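Novice: Have a look at the structure that comes next, please.
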Amino acid sequence: MKILLVYLPFCTPVSPPYSLTNLHAFLTHNSTEEIKVLDLNVKFHSLKFSHGKKYFQSSNWNNYEDFANKYHQETKKVYSKNNWKVVHNESPEYFDELLQQIKDEKPDVVAFSVVYSSQAFYAHALLKSLKNITTVIGGPAVSEKLMTLADHHFKNELEFLNFIEKKEHKDLVFDFPLDFSIYNLEEYFTPETVIPLKTSTTCYYQQCTFCAHYANVPYKEYPLENIQNTVVKSKMKHFFLIDDMIPVKRLLALGEMFSKNGAKWGCQLRPTKEFTEEVMKTLYDCGLTFVLWGVESGCQKTLDAIKKGTNVEDVESVLKNSFTAGVKNVCYIMFGFPGETEEDFIETIEFLKSNNKNIDLISTSIFGLQPGTNVYQNSQKFGITSIEESKRTVLEPKISYSVKEGLSNEDAKKLRKKYLSTIDEINSYPKTMNFFREHMFFMKK
Ligand code: SF4
C-alpha cells in the first residue's frame, strides 16, 4: 500500500513542515508500507509567487521592508480570494495542478495534515474531488465539516498506524531522528534552509488561562540524542524550536548540542527570572540567535489574570539580559484579555516604550476566546457575560463574547490601531518579519 502525506496551502513557505516529517518518520519506523510526503503549500507558493521566492532566497535584502510588506499584502489577498472560492463551491487557484500532483503519486491512501485553519479550505476542496482514493485527515485544525468529507479522521499517529497496518501494535518505535531530506529543501523561501524542531511533547507550564496549546498532554522531553541525530543528519545550520516553552536546564543542554554542531537557533520562551545575564550569554555563545518571548502584557493586573506566572520587573530584566547578550528579542503582546481596561492597555504601551532599546520586534495579537481554555470554561469568573457562536461553511463556528467591564474585542482592535505607529517605532526589525520569523537568522540590522 502506498500512503501519501500531504501538507496544504496556505501558510508561509519558509520551512518544511514539522508535523508531516514527524508522522513520516513514525510510520516509516513502525510500518512496512511505502510512505511519501508532498508539500503542496510550497508548490502553490512557488507557482504563484515566483518573484517572492527569488527575492527571499537571495541574500540581497536591501529593501526588505518594502518588498516583504508588498508580498504580504499580495498573499493576504490571494489567500482570502481562494478561501472565498472554496466557500462558494468554485475551484481555488492551481487546484487542477495540485490535484494532479497527488494523482501522479498513485497513492492508495492520501492523508491531509491540517495544522492551521487556513489549510482547511484546500483540504475541503481536495477532499471533495478525490475519488477512488481513501482519504484521511488529522491535525489540530480539523473541523467537523472536514471530518464528514474525509473517509477517516485520526486523532494521532497511533490510530493512523493501526488503520494502515490493520492491527494493534506492540513494541512501537518512538525514538528516531527525523529526515528532512524527504523534501526538496531548495524550494523554501529563505536564503538557507531553516529546520523546525520540537524537543518535547508540549509546554511544561500549562497554566496560562487563554491557552489551549498543551491540550492536557503530559510534558515529556524527547531524547537529546535523537534531536542531535536529526541535526547531524539534516546537515543544516539553522533550527527553529517550535516548542511553546523550554525549561532553562534543558535549553542549556540543547544549546551545547547546537554549539557542537556549529548551528544557529531560535526558540519561544516565557520571560521568567531564571533567564539571567549569565544564562543568556551562555545561550548566545551556543548559537541562540533570537527568542520569541511570551510577554503578553506590561500590566501586572493583566499578567495575573492570564496566570502568566511572570512579573513586569522580571520581564524587563530578562529582555535587558537577552539583548545585552546579543540575542534578538521578539515580544508577543496580546491585547484585549477580558477585564483589560484602556489604562491597562496604555500601561503595556508605556512598558514597550520604556523597554524600547531592548526590543527588536513586537508581535501583537488580539485575545480570542478558544474552547478548551480556562477562560472559556470559567467565563463568568473572567467577567464574560455572554458567548455566541456563528456557523461557518468550512471552519469551526466563530466565537464572539461580551464583557461586563473593560475593553471589548472591538475596543481592543481600535486601540491597537490607534497605537500602531507608536508600536511600529519601537521595532528595529521590519515588522513584516513577524510573518517570516525564520528570516531573522539572515537579517543584519
Ligand atoms: S501560553 Fe505558552 S507558556 Fe502559557 S501555557 Fe500556553 S504554551 Fe505554556
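The values are calculated or read from the model by the stated rules, or taken from the named source; none is laboratory data. Note that this is a predicted model, so its numbers are computed, not measured. Note that we place each Cβ from the backbone using ideal geometry, even for glycine, and neighbour counts take in every protein chain shown.
Novice: Could you figure out which of (1) in contact with a Phe, Trp or Tyr (Cβ under 8 Å, 6 or more places away or on another chain); (2) away from the ligand (no atom under 15 Å from the Cβ); (3) of a type in the set (Ser, Thr, Tyr) isn't true of TYR188?
Specialist: Answer for TYR188: the failing condition is (1).
Novice: I'm trying to understand the selection: among the residues of the range 299-324, which are small (Gly, Ala, Ser), free of Cβ contacts under 8 Å to residues at least 60 places away in the same chain and either surrounded by 20 or more Cβ atoms within 10 Å (Cβ to Cβ) or not assigned by TED's automatic domain parsing to the domain that holds GLY262 (or both)?
Specialist: From the range 299-324, those small (Gly, Ala, Ser) are 305, 309, 317, 322; that's our starting set.
Those left that are additionally free of Cβ contacts under 8 Å to residues at least 60 places away in the same chain: 317, 322.
The one that is small (Gly, Ala, Ser), free of Cβ contacts under 8 Å to residues at least 60 places away in the same chain and either surrounded by 20 or more Cβ atoms within 10 Å (Cβ to Cβ) or not assigned by TED's automatic domain parsing to the domain that holds GLY262 (or both): SER322.
Novice: Also, quick follow-up: So is ILE387 touching a residue at least 12 places away in the same chain (Cβ under 8 Å), out of contact with any strand residue (DSSP E or B) (no Cβ under 6 Å at 6 or more places or on another chain), over 30 Å from GLY255 (Cα atoms) and outside any loop (DSSP other than H, G, I, E, B) or not? Talk me through it step by step, then tell me what you get.
Specialist: Working: touching a residue at least 12 places away in the same chain (Cβ under 8 Å): yes; out of contact with any strand residue (DSSP E or B) (no Cβ under 6 Å at 6 or more places or on another chain): no; over 30 Å from GLY255 (Cα atoms): yes; outside any loop (DSSP other than H, G, I, E, B): yes.
No: the conditions fail for ILE387.
Novice: Another question, then. Could you list, in sequence order, the residues of the range 63-90 that are closer than 30 Å to ILE164 by Cβ and exposed (fewer than 14 other Cβ atoms within 10 Å of the Cβ)?
Specialist: none
Novice: Continuing with this model, one more query. Restricting to the range 430-445, name every residue that is in contact with a helix residue (DSSP H, G or I) (Cβ under 7 Å, 6 or more places away or on another chain), assigned to a loop (DSSP other than H, G, I, E, B) and of a type outside the set (A, V, I, L, M, F, W, C).
Specialist: PRO430
Novice: I'm told PHE337 meets every condition in (1) within 16 Å of the ligand (Cβ to nearest atom); (2) free of Cβ contacts under 8 Å to residues at least 24 places away in the same chain except one. Can you identify the failing condition by its number?
Specialist: (2)
Novice: While we're looking at this one, here's another question. Got at least one residue in the range 148-156 being out of contact with any helix residue (DSSP H, G or I) (no Cβ under 8 Å at 6 or more places or on another chain) and buried (at least 19 other Cβ atoms within 10 Å of the Cβ)?
Specialist: The answer is no, given that none of the residues of the range 148-156 is out of contact with any helix residue (DSSP H, G or I) (no Cβ under 8 Å at 6 or more places or on another chain) and buried (at least 19 other Cβ atoms within 10 Å of the Cβ).
Novice: Could you list, in sequence order, all residues of the range 188-247 that are in contact with a strand residue (DSSP E or B) (Cβ under 9 Å, 6 or more places away or on another chain) and β-branched (Val, Ile, Thr)?
Specialist: Selection gives THR190, THR193, VAL194, ILE195, THR199, THR201, ILE227, THR230, VAL231, ILE242, ILE246.
Novice: Also: Can you report the number of residues in the range 266-298 which are assigned to a loop (DSSP other than H, G, I, E, B), surrounded by fewer than 23 Cβ atoms within 10 Å (Cβ to Cβ) and more than 16 Å from the ligand (Cβ to nearest atom)?
Specialist: Count: 3.
Novice: Then there's this: Which one is nearest to the ligand (Cβ to nearest atom), of the residues in the range 201-212 that are surrounded by fewer than 16 Cβ atoms within 10 Å (Cβ to Cβ) and within 20 Å of GLN377 (Cα to Cα)?
Specialist: Checked the range 201-212; the qualifying residue nearest to the ligand (Cβ to nearest atom) is GLN207.
Novice: Is it true that some residue in the range 120-133 is aromatic (Phe, Trp, Tyr) and either touching a His at 6+ places or on another chain (Cβ under 9 Å) or in contact (Cβ under 8 Å) with a residue 60 or more places away in the chain (or both)?
Specialist: yes
Novice: For the range 241-265, enumerate the residues that are more than 16 Å from the ligand (Cβ to nearest atom) and under 19 Å from THR202 (Cβ atoms).
Specialist: LYS249, ALA253, LEU254
Novice: Need pairs with beta-carbon distance below 6 Å; first residue under 13 Å from VAL109 (Cβ atoms) and within the range 159-171, second part of a helix (DSSP H, G or I); sequence gap 6+ or separate chains.
Specialist: These pairs meet every condition: LEU161/ASN30.
Novice: If only one of CYS331, CYS286, CYS267 is under 18 Å from GLU350 (Cα atoms) and out of contact with any Pro (no Cβ under 8 Å at 6 or more places or on another chain), which one is it? Steps first, answer last, please.
Specialist: Details: CYS286 fails: under 18 Å from GLU350 (Cα atoms); CYS267 fails: under 18 Å from GLU350 (Cα atoms).
Going through CYS331, CYS286, CYS267 in turn, just one is under 18 Å from GLU350 (Cα atoms) and out of contact with any Pro (no Cβ under 8 Å at 6 or more places or on another chain): CYS331.
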